[in-house]
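Taken together, the values in this text are just the output of simple stated rules run on the coordinates, not laboratory data. Being a predicted model, the structure only gives us computed values, none of them experimental. Cβ: placed from backbone, ideal geometry, glycine included. Neighbour counts: every protein chain shown.
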Amino acid sequence: MVSRTTVGLAVGVVSIFVGYCFYFDQKRRSDPDFKKKLRERRKARKEAQKAGSKIPNLKDHDVVQKFFVQEVELGEEMLASGDVEGGIEHLANAVAVCGQPHHLLQVLQKTLPPPIFHLLLQRLPTVGQRLNPQGVMAEEDVE
């Protein structure tokens with residue numbers, strides 16, 4: 001049989017923990033920067049879904065390899081059809097998941113016209129930021 005002291009101590013610890021959770025949740029929700037960052041992340045995620053390229057699980061080598069080939073092909077097709085923005089987006093995704101991005105960039109520099117290559121270089125940081133939160137629970141997942 002459990003003593004009253006043990007039960008009282010357990011109830012006290014649980015109530016302190018729950019109070020701690022409520023306090024920090026309220027503090028998080030009332031922070032104006034949190035709400036601003038949350039909106040920005042949701043907007044970025046929505047734009048990424050509109051682009052049609054879903055970033056794969058970066059831990060699975062086979063899936064990443066298929067994604068890389070698919071993105072290079074889509075980028076080349078879109079550039080050939082005249083959709084420069086879409087082509088650059090897909091090529092930037094391919095460079096971001098590539099195992100040897102410097103080598104790929106050298107090849108693309110030789111094959112792409114200079115203005116398009118320059119646009120690709122400008123797009124790489126935003127794609128890198130989009131890939132960063134993979135596998136980590138993002139703040140927008142907690143409400």
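Mind checking the dipole of the chain: about its Cα centre, +1 per Lys or Arg Cβ, -1 per Asp or Glu Cβ, Debye to the nearest 20? Intermediate results must be reported in sequence, preceding the final value.
Numbers: 20 positive and 18 negative charges, 148 e Å.
I would put it at about 720 debye.
With Cβ to Cβ distances under 14 Å as the rule, what net charge do the other residues near GLY19 carry (K, R +1; D, E -1)?
Details: positive: LYS27; negative: ASP25.
Overall, the nearby charge balance is 0.
Sorted from largest down, give the three principal axis spans of the alpha carbons of the chain, whole angstrom values.
Per principal axis, max minus min of the Cα coordinates gives 77, 35, 23 Å.
What is the packing order of peptides 71-78, 89-96, 27-34, taking the mean over residues of other C-beta atoms within 10 Å and listing the highest first? Present the calculation step by step, with values, prior to reporting the outcome.
Working: 71-78: 17.9, 89-96: 24.8, 27-34: 10.5.
Top to bottom by mean Cβ count within 10 Å: 89-96, 71-78, 27-34.
What number of lysine-lysine pairs in the chain show an alpha-carbon separation below 19 angstrom, given a sequence spacing of 8 or more or placement on distinct chains?
So the count works out to 10.
Under 20 °C and 1.002 mPa s, how fast does the range 26-105 diffuse according to Stokes-Einstein, given a Kirkwood radius computed over C-alpha pairs? Answer in µm²/s, whole number. Please report the intermediate quantities before stating the final value.
Details: Rh = 14.4 Å.
Answer from the Stokes-Einstein relation: 149 µm²/s.
With point charges of +1 on the Cβ of Lys and Arg and -1 on the Cβ of Asp and Glu, referenced to the Cα centre of the chain, which listed residue (LEU131, PHE24, VAL72) lies farthest in the positive direction of the dipole?
Result: PHE24, furthest along the dipole toward the positive end.
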